[in-house]
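Structure first, then comments.
The values are calculated or read from the model by the stated rules, or taken from the named source; none is laboratory data. Everything numeric in this text was worked out from a predicted model, so none of it was measured. Glycine gets a Cβ as well: all are built from the backbone with ideal geometry, and neighbour counts include every protein chain shown.
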Amino acid sequence: MFSSIKIALMLVVLAGAGGGFMYVKNLKADLATSEANNAILEESVKSQKAVIKQMKEDFEAITKIKAEIENQNKILKAEFAALDKKFNKINGKGEVRDIGDLATKRPESVEKIINKGSTNAMRCSEIAMGSPLTEKEKNATKKSEINSECPSIANPNYVPY
């Protein structure tokens, strides 16, 4: 009887050891899976940090460009107001200037003025779309040398007096 108890106890110890071995083996497999998942998550975090950094840089660039565009828009509005004032001048009699009447009285003069203004306006559009300034435009400092349609963008060295 004593020997059957020993055998039963040995079987219980062996079963416990086998169960423990299987449990540890299962834990190791779970640990390996967790480590693989952790590596994937760490890589995901790195890529997300890179995306966030790029988004911040893009946002800063957009903010800078927006400020430049707003500044350019303010300048263009001021130039538009000045141009509007030119076309709607009040003459000595207190009347608003009539370009049509001037054109019938002095067609050659009005034609030259309109052609020069059109040429200047086209150059302003070219500059606004990214065309580089010529040396003549950069060096213009006198009123007779400037592009009177958009002096702020066409003639950076011109200071009105």
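Points to keep in mind about this one:
- Every residue from region 53-69 that is modelled with pLDDT of 95 or more and not aliphatic (A, V, I, L, M): Lys53, Gln54, Lys56, Glu57, Asp58, Phe59, Glu60, Thr63, Lys64, Lys66
- Residues that are part of a helix (DSSP H, G or I), over 24 Å from Glu137 (Cα atoms) and of a type in the set (A, V, I, L, M), drawn from region 79-109: Ile99, Leu102, Ala103
- Considering residues of region 119-160 that are among the acidic types (Asp, Glu) and under 15 Å from Leu76 (Cβ atoms) only, the residue surrounded by the most Cβ atoms within 10 Å (Cβ to Cβ): Glu149
- Of all the listed residues (Glu126, Glu145, Glu135, Glu108), the sole one being over 17 Å from Ala82 (Cβ atoms), in contact with a helix residue (DSSP H, G or I) (Cβ under 8 Å, 6 or more places away or on another chain) and not hydroxyl-bearing (Ser, Thr, Tyr) is Glu145.
Table: residues versus (1) surrounded by 10 or more Cβ atoms within 10 Å (Cβ to Cβ); (2) of a type in the set (Asp, Glu).
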{"position": "Asn26", "(1), (2)": "yes, no"}
{"position": "Ser34", "(1), (2)": "yes, no"}
{"position": "Ser44", "(1), (2)": "yes, no"}
{"position": "Lys49", "(1), (2)": "yes, no"}
{"position": "Asp58", "(1), (2)": "yes, yes"}
{"position": "Ala61", "(1), (2)": "yes, no"}
{"position": "Gln72", "(1), (2)": "yes, no"}
{"position": "Asp84", "(1), (2)": "no, yes"}
{"position": "Asn88", "(1), (2)": "yes, no"}
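- Of all residues in region 110-146, those being in a helix (DSSP H, G or I) and either among the acidic types (Asp, Glu) or closer than 30 Å to Asn157 by Cβ (or both) number 23.
- Residue check for Ile5: farther than 30 Å from Ser152 by Cα, of a type in the set (A, V, I, L, M), assigned to a helix (DSSP H, G or I) and at pLDDT 95 or above: no
- Filtering region 100-118 to residues that are surrounded by 12 or more Cβ atoms within 10 Å (Cβ to Cβ) and within 24 Å of Leu76 (Cα to Cα) leaves Ile113, Ile114, Lys116, Gly117.
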